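The values are calculated or read from the model by the stated rules, or taken from the named source; none is laboratory data. No experiment lies behind these values; they were computed from the predicted model shown. Here Cβ is always computed from backbone atoms with ideal geometry, including for glycine, and neighbour counts include all displayed protein chains. Calculation scope for accessible area: heavy atoms of the full protein, side chains included, ligands and nucleic acids excluded. Shrake-Rupley method; radii C 1.70, N 1.55, O 1.52, S 1.80 Å.
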Amino acid sequence: PGDYALVDAAWSVRQLQGDAMLACTSQFREPVGAGYDALVEGHQRALARLAGEIAQVAGPVAAGQSPACP
């Protein structure tokens, strides 16, 4: 609390049918204010950024394309 929230994730997206898969890593550091409420908000922002990266590649992978990790 009072410094930053950090999300460090290894994630993958693959087709439901087929062999296309993308495995990536992401790290997000969000500055936060004092207290646990601010820390939770920082983690929420970091997780929203992670979700955005996953969403960016999920459609192309589902379509059989081979996008690069963001």
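Details
- When the stretch 1-33 is filtered for residues that are assigned to a strand (DSSP E or B), of a type outside the set (D, E, K, R) and either farther than 19 Å from Glu53 by Cα or open to solvent by 50 Å² or more (accessible area, probe 1.4 Å) (or both), the ones remaining, listed by number, are Tyr4, Leu6, Ala10, Ser12, Met21, Ala23, Thr25, Gln27, Pro31.
Residue-by-condition table, conditions (1) on the phi > 0 side of the Ramachandran plot; (2) touching a strand residue (DSSP E or B) at 6+ places or on another chain (Cβ under 7 Å); (3) among the charged types (D, E, K, R):
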{"position": "Cys24", "(1), (2), (3)": "no, yes, no"}
{"position": "Glu30", "(1), (2), (3)": "no, yes, yes"}
{"position": "Ala63", "(1), (2), (3)": "no, no, no"}
{"position": "Ser66", "(1), (2), (3)": "no, no, no"}
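- Test result for Ala48, more than 15 Å from the chain's Cα centre (by Cα), open to solvent by 40 Å² or more (accessible area, probe 1.4 Å) and among the small types (Gly, Ala, Ser): no
- The listed residues are Gln17, Gln44, and the only one of them that is over 22 Å from Pro70 (Cβ atoms) and without any contact (Cβ under 8 Å) to a residue 12 or more places away in the chain turns out to be Gln17.
- Residue that is surrounded by the most Cβ atoms within 10 Å (Cβ to Cβ) [pool: residues in the stretch 59-70 that are of a type in the set (Gly, Ala, Ser) and at pLDDT below 95]: Ala62
- Residues located in the stretch 18-65, provided they are over 21 Å from Ala5 (Cβ atoms) and touching a helix residue (DSSP H, G or I) at 6+ places or on another chain (Cβ under 8 Å): Ala20, Met21, Leu22
- Checklist (1) outside any helix (DSSP H, G or I); (2) surrounded by 11 or more Cβ atoms within 10 Å (Cβ to Cβ) applied to Ala38, failing item: (1)
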